[in-house]
Structure formats: C-alpha cells, structure tokens
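*Asks:* Below you will find the structure I want to go over with you.
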Amino acid sequence: MRVEFDRETCIGMFQCVAEWEGFERDEDAGKAILVDGEEEEPAKFVREVPEDAELDAKFAARVCPVDAITIHEDGEQIVP
C-alpha cells in the first residue's frame, strides 16, 4: 500500500496528523508533512505504508477536507 500526498493542495487543517503518525505539522508553512515521504514530483510526496499502519493511513486520507492524500494498492487508487 502506498500513500501519495499533494502538499500544494494541503490547507493545513492537520486532521491527518490526528489520524496517523505518518504525518506531522509544519507550522511555519501551515501544511502537513508526510514523514519519510519522497518527492516524486514538485510538491507531491509518496511512501509505502507499513502493514500495521494501513488503517490509520486510510483514515488520514478520508479526513482530509481537500483530498490532498490518496491511498493506492496494486496501482489502483482506493481512498478517497
């Protein structure tokens, strides 16, 4: 399972931070940070989701009010 995070779309509500420790607050920028994320494109970060964090990662994606977080499995987007 893989998470993709569009930092440009992020509006800094930090709901994802409350759901999964894979996200942290960047108060200076007013946006979340995907911990250990690799920048795949400008402002688009990705990382693999550990098996024991899959449910939390899905919740983080679901609570994002601007859909800046997507979850993919086997190349297919499953959340949102």
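Values quoted throughout were computed directly from the atomic coordinates according to the rules given, and no laboratory measurement underlies them. All figures in this text were calculated on a predicted structure; none of them were measured in a lab. Backbone-built Cβ (ideal geometry, glycine too); neighbour counts: all protein chains shown.
*Asks:* If you take the residues of segment 53-80 that are assigned to a strand (DSSP E or B) and in contact with a strand residue (DSSP E or B) (Cβ under 8 Å, 6 or more places away or on another chain), which of them is surrounded by the most Cβ atoms within 10 Å (Cβ to Cβ)? Don't jump to the end; show me each part of the working.
*Replies:* Let us first name the residues in segment 53-80 that are assigned to a strand (DSSP E or B), namely 69-73, 76-79.
This time we only want the ones that are in contact with a strand residue (DSSP E or B) (Cβ under 8 Å, 6 or more places away or on another chain), so: 69-73, 77-79.
Details: Ile69: 29, Thr70: 17, Ile71: 21, His72: 15, Glu73: 13, Gln77: 12, Ile78: 12, Val79: 18.
Result: Ile69.
*Asks:* Right, another one. Take segment 10-29 and flag every residue that is under 22 Å from Gln77 (Cβ atoms), more than 11 Å from the chain's Cα centre (by Cα) and surrounded by 14 or more Cβ atoms within 10 Å (Cβ to Cβ).
*Replies:* Scanning segment 10-29 gives a single hit, Met13.
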